Amino acid sequence: MKKAGMVAGLVLMGLALGSVAGAQSGDGREADHEALRALRGKVTAAIEKQDMKALVECMASKFVVITVDQSRLTSETELTSYFDNMFRAKDSKVSGMTVAITADALTQFTDANTGYCTGTSKDTYTLKRGGTATFDSRWTAVLVKEKGAWKVAAVHCGVNFLDNPLYSVKKDGFWRRLGRAFGIGT
């Protein structure tokens, strides 16, 4: 189940992209903010559809993704392999996911073609054995404009390891197994 948290890192690539829909920037960069919101939508759709080709199109020519399990991905091959292991491998625990990505504030531009953003994501994984697991994540992303289009250059994400559904399931499962061993409960 460790892999369930991995994709959260991928999800968070889109996160950087803009901010709360409809917010006005006042910084004269509203067209850029709108483009970043559209990029966030493309990243979200690509992740939920498990469409690596579409996801790679959202990435800068040189990029790095650090996932919640601290995997470092820097190429289309690595992204594709990561997703294949997550959803398609014989021993994978997850069959799908949905994401709800929210920025803390509008992207902060450091120059005409670079910006950064932080935020949260609620990532719900569909488990192959049935049920779901939802993680609340935090992320930071760097965005660059290449050939007139905004792309994700870097993203780093994390979860609160003290408060996550996998830990709770393991802990609860231990107590259920212990109870069954002693004939207590079901």
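Bridging of K145 to aspartates and glutamates at a Cα separation below 20 Å is possible for D27, E30, D32, E34, E57, E76, D111, once same-chain residues fewer than 8 apart are set aside.
The ranking of H33, H156 from fewest to most other beta carbons within 10 Å of each one's beta carbon is H156, H33. With the largest listed first and rounded to whole Å, the semi-axes of the equivalent ellipsoid of the range 2-161 from the Cα gyration tensor are 27, 16, 12.
Put in order of Cβ neighbour count within 10 Å, fewest first, the listed residues D69, D104 become D104, D69.
Read-outs: derived from the displayed coordinates by stated rules, not from any lab. Fair warning: this is a prediction, and the values are worked out from it, not measured in the lab. Cβ atoms come from the backbone with ideal geometry, glycine included; neighbour counts cover every protein chain shown.
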